[in-house]
Every structure is written in C-alpha cells, then in structure tokens.
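The values are calculated or read from the model by the stated rules, or taken from the named source; none is laboratory data. Note that the coordinates shown come from a computational prediction; the quantities given were computed from them, not determined experimentally. Positions of Cβ are generated from backbone atoms using ideal geometry, with glycine treated the same way; all protein chains shown enter the neighbour counts. These accessible areas exclude ligands, DNA and RNA; they are computed on the full protein's heavy atoms, side chains included. Shrake-Rupley method; radii C 1.70, N 1.55, O 1.52, S 1.80 Å.
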Amino acid sequence: LLCFMFSLSFAETLTKHYPQYDLVLNFSDGKAAAMKNEHWGYINSTGEAIIPLIYDAVDDKFNDGLEKKKKNGLWGYINESGQPIIPFEYENLADFKEGASAAQKNGKWGFIDKKGNTIIPFLFDSHGFFEHGVCIISRNGKYGVITRQNQILFPFQYDKIYDFINGAAIAEIN
C-alpha cells in the first residue's frame, strides 16, 4: 500500500509538470505513459505526444519491444514506435513468456506468438504461463499440461494442478 501511495504521489508530481495531461506516469527510456480525456499514449520529456493518446488502457511497460494496449474495448500489442504489431482483437492478453502470450477470444484462451500467429488454439477456460516449455491450463473444468508445440503432456483429468517447482507439480484429482 505504501508503494502504491508513493507511486500515485509521484505521478501527481509529474502531472503538475505537464498540465496539458490529466495524468503522467513514470518516465522510462525517455517516455512516459500519459492520459488525457480518458485516453492513453506516450509523451517525451518535453510533453510532446510520441505515441498518440488513443488507447483505452496501457500496460505501462514494454516487454521485448512490445506493449499491450486496449483500444475500442479490445487488446493488442504495439511496438516502441507506436505501430500496431498484433491486432486489437482480443478480450484479454497476458505478457509474453517464452515467446508466447495467452490471449482470449470469444471467452476462450489460447496462445499467440510475437507476430500474432495462433500457436495454441482458443479452446481453454483458463491459462498459466509457459515455463520450461510447458503450461498448466484448464478445459471443461479440468486441468492438464500442454507443451509449446500444443501436445498434451498430462490429460485434462485433474481438479487442480499447482505450479511446477524444480520440474515437479502437485495435482489433485477428486
């Protein structure tokens, strides 16, 4: 809580230096997320918009040169120049891990690569993150484990599978 209050206080201080914006977040690599009239983009240290303020929400961090943005109610990714790389067509997106991002379409989760290609189809109720090439996911209320190549490593028969630690995971059935 203290950290959040400090960050909010710091954002309020930054905003005072850029009164043309409703809110300015921390600068990183010469740019800061800024909001005006409930739309987000990025500004440089002189206050000039370098990525247009056209987004409903921002993630406020670039991950491998990409950042999640929300536009017209849907999520996509842009590059550091502000160019759309992955179309704004997803209900939700997770950060990339091991080159894959969990993405949600029509209420189901799948995975995309950094070019927006579907690498795991949108069939799942929930998702984890790839770690060492495997991911815990659920389908029809049961958990299983898949590989990055979309092979089922453990079938969807478990009531819960806990995160892998040192290559092992605890699974519950019934």
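For the range 132-165, give me each residue that is out of contact with any strand residue (DSSP E or B) (no Cβ under 7 Å at 6 or more places or on another chain) and surrounded by 12 or more Cβ atoms within 10 Å (Cβ to Cβ).
Of everything in the range 132-165, just one residue is out of contact with any strand residue (DSSP E or B) (no Cβ under 7 Å at 6 or more places or on another chain) and surrounded by 12 or more Cβ atoms within 10 Å (Cβ to Cβ), namely Y162.
Quick one: would you say T118 is touching a Leu at 6+ places or on another chain (Cβ under 6 Å) and more than 30 Å from K31 (Cα to Cα)?
Values: touching a Leu at 6+ places or on another chain (Cβ under 6 Å): no; more than 30 Å from K31 (Cα to Cα): yes.
Answer is no for this residue.
Determine which single condition F6 fails, assuming it passes every other condition in (1) modelled with pLDDT under 85; (2) part of a loop (DSSP other than H, G, I, E, B).
For F6, the exception is condition (2).
Which residues, counting only those in the range 130-174, are outside any strand (DSSP E or B) and small (G, A, S)?
Across the range 130-174, the qualifying residues are G133, G141, G167, A169.
What pairs come up if the first residue lies in the range 105-122 and is outside any strand (DSSP E or B), the second is open to solvent by 30 Å² or more (accessible area, probe 1.4 Å), and their beta carbons are under 6 Å apart, counting only those six or more places apart or on different chains?
From residues that are outside any strand (DSSP E or B), the pairs are D113/I119.
Is it true that K70 is in a strand (DSSP E or B) and either out of contact with any Pro (no Cβ under 9 Å at 6 or more places or on another chain) or open to solvent by less than 60 Å² (accessible area, probe 1.4 Å) (or both)?
For K70, the condition - in a strand (DSSP E or B) and either out of contact with any Pro (no Cβ under 9 Å at 6 or more places or on another chain) or open to solvent by less than 60 Å² (accessible area, probe 1.4 Å) (or both) - is met.
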